[in-house]
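Remarks on the structure that follows.
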Amino acid sequence: MSQTARPENAMSNTATSNTATSNTVQSNAIVEIDHLSRSFGSKKALDDVTHSIEPGLVFGLVGENGAGKTTLIKHILGMLKATHGSVRVFGLDPVRDPVGVLGRIGYLSEDRDLPDWMTVAQLMRYNQAFYPGWDERFADQLRDQFELDPQQQIKRLSRGQRARAGLLIALAHRPDLLILDEPSSGLDPVVRNDILSAIIRSVADEGRTVVFSSHLLDEVERVADHVMLLHKGRVALSAPLHEILSGHRRLVLRFEAPQSARPELPGVLSYQGEGREWTVLCNGGLEELRVAAAHAGAQVVEEETPTLDEIFLARARAPRSA
Amino acid sequence: MSHAPGGDQAMNRASGQTLRKATALAWEFWAHGWRGFLWGMAGIFTIPGLIFAIEMGRPGGVPRALHVTGSLLCLVPFYWVIVLALGALIRPSLENPRLRYTLPASSPLLVVVTMACAMVAMFVQYAIVAMILNALFDTRWTIVGPGLLAAVLIAWCQAVLLSTSNSPGLRWFAILASVVALVLTVARWGPVIRPEKMADFLPGVGGREMLSFGLATLACVGLGILGFAKLRHGSGIDLRWIGDWLSERLDFRWAPRAKPFSSARAAQFWLECQERGYVLPVVATMFGTAAVVLALCVPARHITNGKPTDFAVFATILMFSALVAIGFYWGSRSPNLDFRAFNGSRPLSDGQLATAVLKSATLGLILSALIWTAFMVLVAWIVAMRQKYSMPLGAVNRTDVVDYLCGTTLGALAVWSAVSFITSLALGGKKVLGVAFGLFFGCYVLLPSMSQSLPYAFQPDISAEAYFKGCLVLWLVLCAAAFVAGWRWHLISVPTLCLAATLIVTAVAAAHFAGMPFERRYWPHVVFCCLIPLPLAAAPLAVCVNRHR
Amino acid sequence: MQIRISSSDGVPIYRQIVNQVKYLVAVGRMSVGEQLPTVRALAEHLVVNPNTVARAYRDLESAGVIASRQGSGAFVAGNGSPLAARDKQKLLQERIDVLLAEASHLNVDVSTVIKMVRDRSRKIQSE
């Protein structure tokens, strides 16, 4: 389905692109990432990442700073060339065909990179020329809704307004793929709400695909369909959100005797506590765990679904503690 | 002053703290800028390197090239070029990071330490460059006098920068006014631009010079502290209200043209012009104005003893050095030459992005050429009027006009090609620039001059001329390879190739009629003409390399 | 329809929606035949993924609390009483479980708890 394309072949061989076109008839995934690896010097930013993003879904990308989220997004946009593995967006190579790929993508960068010297009106007029799907009325409506003064220069906008301006030009041309890199970072709750509403509306409206990376896991939990956790460049967890939430359980165990050290139980991802009460987090294997706990002299006092926050903390720390 | 032990201890502690703070500030200055200083000094040698490389092409070999380069560098104008270049490199370290405002240090301490470091940096850099030039080219530059002058100039520059952080317009005006004032002052010391040897420029630093330098430095320090303190406490000069007032008045008249762009390429071209392209015409206007002011104010005898066009020629030489820097600026996509998120995610192919940059550069060059010519004609006329020089408008020969036109065309094409090539290198990012720089210096400066210093037995049996011609052929091969690669990777299209062919034909024709006919013995000139369209292929390749890392 | 979603509740969002709709129907704040907002409208209102709302609606439909009519949307189902009663009991049962767990931790036996409940009920009724 997706081939490991060497950079020279990707650029010079039209035959390869023909094969690529015929391959896309089989799959309708918007983004196909195949064994993608990338190092910057000695640091491994991505390590054998493979995934297909289906259309019409909200795809949440989470991980700590430096886990490789922005690197992955840059590969999708063609700003990084795939040296090991391949990336295909809309069935095309984003490096080889920037117009075909980028013309259907709305992108909000992490640092809200916009030309500082332009006014909002100039920015809208400038972007209109690049995207055939630009809806002028919709753009004006968004501008009014975001309360942006068209004659205001971008360098004079506050952080929240800047994010709104970036979101405006990402949404106004009704893109097939919306990519938001840390959209909520450093923003007040009002702007965050705007951004989340915009994501929901895009998905609900025409079944557009949204890829967004975030630290705010409660937002990811509200809005994502599928979540991928990156840890040091590797995919630590990649599953639909409802599977993750239904699979993981948080148990509070009450031991008869105080435990001096961590009670080792099978299938536990993380431990917390001291003395007689311990909170453990596990993914499946509940019966085994209950039996083992009973053997160790513990009683299950509480059993709940953990939040995404707790799951990911447990997962991110697990390799270190293992 | 208390003589009690406690009092002395307190004073010692205070001065110890001040010393520690000063040391930390000084460390920051050097740690921030040392790489820039080193690269800058290396970059300065591009100018003599270019001259040396060009002279190498002529028969006579390395010794002759060295001699010619040395005699050109003896001249005072090169001092000013080098001072400007070094100052431009130190300038980023002189800026006002907002961070400094909240440091627990007094404004005088902050300003004095930075200024002292900048002055030392300038003096040391100048001294090193001068000593190297003396050693390589035997130019006999004086070190102490001009070095101190350069240091005082950088202090003045910093004082201006510190005081005008809020207002770029005011800053430009202040710098321009300073330049004009400086030239007027220096004119008192002797002819401004008459070819004067550096050996006679500030040869001795006597009491009078030290006093003037000292007073000037104190003035700089005072102005710097005043300006910095005002900015630090939020009451700096802010001319934004002028811009706001103007935009309010002009708003209804200058209603934003709601017409959308005709195509993505037109939009990108507009962006390039608005963001970077306008710089050269603006700089040309400002320098032109300064030149006119100088032509009007400087005592006539100091401007020139020869033709009225001398001053214009000198100013144009300075302008050419600026072209190199501006060509570089046109290609740089961001302060560290990377494609940032907005520029990199434009839905345009690499070739289209490169074309937008080149078009904007070409438009900038054409506009500036027109502006500059107008100003220089005005300057020459003013000087002629002041000197009551009668310009004999004798019979204008047809061959003269043709010669002149062809020479101008060829010159214009060469300038366009050189500046666009520098833009292409900057488009390629740091790696491309580093490689190009290294290759240029290695092939054209180091290798030939080092081969001369090898023992006779190891000296290669190639004449300098043959080496130069061989390099030229290599350039031609690289140019052809660039076009082939661009074609294969769909970065350039048929119209570009047609344009390249047109440029070559025009250049060859111009050369032919300007005295270098299309004969076998003039083949290097034909090769030069064939190199002219190189930027058309280099720019898209550079974008491709830099945009998709 | 007034529903509140809490992100850090420990309960998945679709389950919160299901529970709250059941509660509203059980206490009578939503009457039989009343129309629920569309999946899309509710998703936009709560700022939650439409698929989550869709799953909640599916659960509610399979539990018989709501019924969807083709083209018109979802309505509160007509067979009110027995289901409502069952749900009411289930809600109370959850509260009773919590109360009993607390009592057991505090070492208060069940008969004391029942006596306390009766006393409190008498006191509230007399006010």
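Any read-out appearing in this document is the output of simple, stated calculations on the displayed coordinates, not a laboratory observation. This is a predicted model, so every value here is computed, not measured. Note: ideal-geometry Cβ built from the backbone for every residue, glycine included; neighbour counts use all protein chains shown.
Each helix, a run of at least 4 DSSP H residues, gives -39500 (n - 2.57); summed and divided by the residues of the protein assembly as shown, these come to -20000 deg cm²/dmol at 222 nm. Per-residue mean of foreign Cβ neighbours for A:107-118 is 3 (Cβ atoms of other chains, 10 Å radius). Holding the Cα-Cα limit at 25 Å, pick out from A:K43/A:K74; A:K44/B:K430; A:K74/B:K431; A:K155/B:K431; A:K81/B:K431 the pairs that are longer than that. Checking Cα-Cα distances, A:K155/B:K431 exceed 25 Å.
Here is the list for the range A:90-195: chymotrypsin sites (Phe, Trp or Tyr not before Pro) lying in DSSP coil, each with at most 15 other C-beta atoms within 10 angstrom of its C-beta, are A:W117. Result for chain A in a Gaussian network model with C-alpha springs under 10 Å: among A:H295, A:H215, A:H75, the largest mean-square fluctuation is at A:H295. One quarter of the convex hull surface built on the alpha carbon atoms of chain A amounts to 19.3 nm², the projected area averaged over directions. From the largest down, the range A:136-194 spans 27, 26, 18 angstrom on the principal axes of its Cα atoms.
Given the range B:267-382 reduced to its alpha-carbon atoms as identical point scatterers, what log10 I(q)/I(0) does the Debye formula return at q = 0.11 Å⁻¹? Per q value, in the given order, log10 I(q)/I(0) is -0.46. Remark: the range A:35-125 is approximated by an ellipsoid whose semi-axes, taken from the C-alpha gyration tensor as √(5λ), come to 25, 17, 14 Å, largest first. The radius of gyration of the Cα set in the range A:253-304, together with its Dmax, comes out at 9.8, 26 angstrom.
The orientation-averaged projected area of the convex hull spanned by the Cα atoms of the range C:4-110 comes to 8.0 nm².
With all pairs of separate Cα atoms included, the protein assembly as shown yields a Kirkwood hydrodynamic radius of 34.7 Å. Relative to the Cα centre, the charge distribution of the range C:1-124, modelled as +1 at Lys and Arg Cβ and -1 at Asp and Glu Cβ, gives a dipole magnitude of about 320 debye. A straight Cα-to-Cα reach below 19 Å connects B:K388 with the lysines B:K307, residues fewer than 8 places away in its own chain not being considered.
Take the Cα of B:V484, step 7 Å toward its Cβ, do the same at C:V98, and the gap between the two points is 7.9 nm. To the nearest 10 degrees, how steep is helix B:430-440 against the longest Cα principal axis of chain B, on a 0 to 90 scale? Value to nearest ten degrees: 70. Basic side chains Lys and Arg get +1 at the Cβ, acidic Asp and Glu get -1 at the Cβ, and with that the dipole of the range A:148-295 about its Cα centre reaches some 460 debye. Take every DSSP beta bridge whose two residues both sit in chain A; close to 70 percent of them are antiparallel. Using Cβ point charges alone (K and R +1, D and E -1), the dipole size of chain B about the Cα centre works out to roughly 800 debye. Using a/c under 1.5 as the rounded threshold, could you call the range C:85-127 rounded, prolate or oblate? The axes a ≥ b ≥ c are square roots of the C-alpha gyration tensor eigenvalues, and prolate needs a/b larger than b/c, oblate otherwise. Verdict is oblate for the range C:85-127. If eta is 1.002 mPa s and T is 20 °C, what Stokes-Einstein diffusion coefficient results for the range A:181-322, Kirkwood Rh from Cα pairs, in µm²/s? Rounded to a whole number, D works out at 126 µm²/s.
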